[in-house]
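Step one of this worksheet: look at the structure below.
Here, each number is a calculation from the coordinates, and none is a lab measurement. Predicted model only: the values in this text are computed from it and were never measured. Using ideal geometry, Cβ is built from the backbone for each residue, glycine included, and neighbour counts are taken over all protein chains shown.
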Amino acid sequence: MHYNVPYKTKQFFFVLIKLSIVVGAFYFIYSKLAENENLQFNEFIAFLKENNTFSAKNIIFLIFLSLFNWFFEILKWQQLVKTIKQISFRSALEQSLGGLTASLITPNRIGDYGAKAVYYAKQHRTKIVLLNLLSNLAQMTITTIFGLIGIIIFVNRYQIDVNYYRVTKFLFLIVIIGLFAIIGVKHRRFKIKGFSFRRVSDYIKKLPSKTHFTTFVFSLIRYLIFSFQFYYLLNLFGVDVDYTKAMVVITSMYFIASIVPSISIFDVIIKGSVAVFLFGYVQVNELTILSIITIMWLLNFAIPSVFGSYFVLNFKLPKQLD
């Protein structure tokens, strides 16, 4: 026997879900700052006061870089969605920051896919997921290109003892697994919400060349912005290292951290651990690096997700005919 759930009950659960997302995001931001084993919050604040480097001018410039970073992420999303329907910059802003808030406590920010999809009617949601995947793949491609170059230079410059046999064996194993996965997916006609693997591939290939190009360019600009922001913070804390040497370490750090599966809220811990190890080779102390990682996380994830919570709380389900 089928029962229809009363409208008020649906609304209650809908509001409860939105509140749970926001409360969860705020709780994890708080816990990351207050219960960070690698960097105590009191120690972090004391270190900032001790250095006395954050003048109004420096703070404004750092915020400007973060705004610029998110401006291109929002613009990238707007351009991608335009392949389905026209949306305003404000709508792209709402979806990007709302998606960030909803994804903060999910592994590898996977919640961002579902959060953005629910902004659209059912007939568009699969394509929205694929567009979000394309956006993330473009960003990961940039990170990988710069990261591999950085790691090669880093290993050669600092004579890191690398077991190349094990690395080659590991990469070979990954390639074999990947090939078998692709073959298996094709033979079993794997589907994503009714879309076969071939249709998913064809859909991405059929997107305009201009869309692929702008997605790649915006991803590149974002990468250059937040990597420079990291370098700027190094200078603020008095680290005497030239730009090229710093970028070798920064690009290596972002690549290694990006390939380690994690919950978004723990991204600061992973980047912190990797950064401490890598920057140890250029004589940068642990407290400085952990403080910079925390500031980067606050500026580019925590604070934007706080603003995103406003959009989550005011979110309304779209009409089915969109």
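A few notes on this one:
- Set of the range 233-251 residues, backbone N closer than 14 Å to the point 7 Å along the Cα-Cβ line of F68: 233
- Subtracting the Cα-Cα distance of Q123 and S91 from their residue separation scaled by 0.36 nm leaves 9.7 nm.
- Take the Cβ atoms of I59 and Y30, set R0 to 22 Å, and the FRET efficiency comes out at 0.50.
- Members of K57/K245; K122/K316; K18/K85; K49/K245; K127/K205 lying beyond 21 Å, as alpha-carbon distances in this model show: K57/K245; K18/K85; K49/K245
- A simple packing score, the average count of other Cβ atoms within 10 Å per residue, orders the peptides 137-145, 205-213, 57-65, 92-100 as 92-100, 137-145, 57-65, 205-213, with the highest score first.
- If R0 is 35 Å, the Cβ-Cβ spacing of E50 and I204 corresponds to a FRET efficiency of close to 0.10.
- Label-point separation in nm, L224 to N136, each point 7 Å along Cα→Cβ: 2.6 nm
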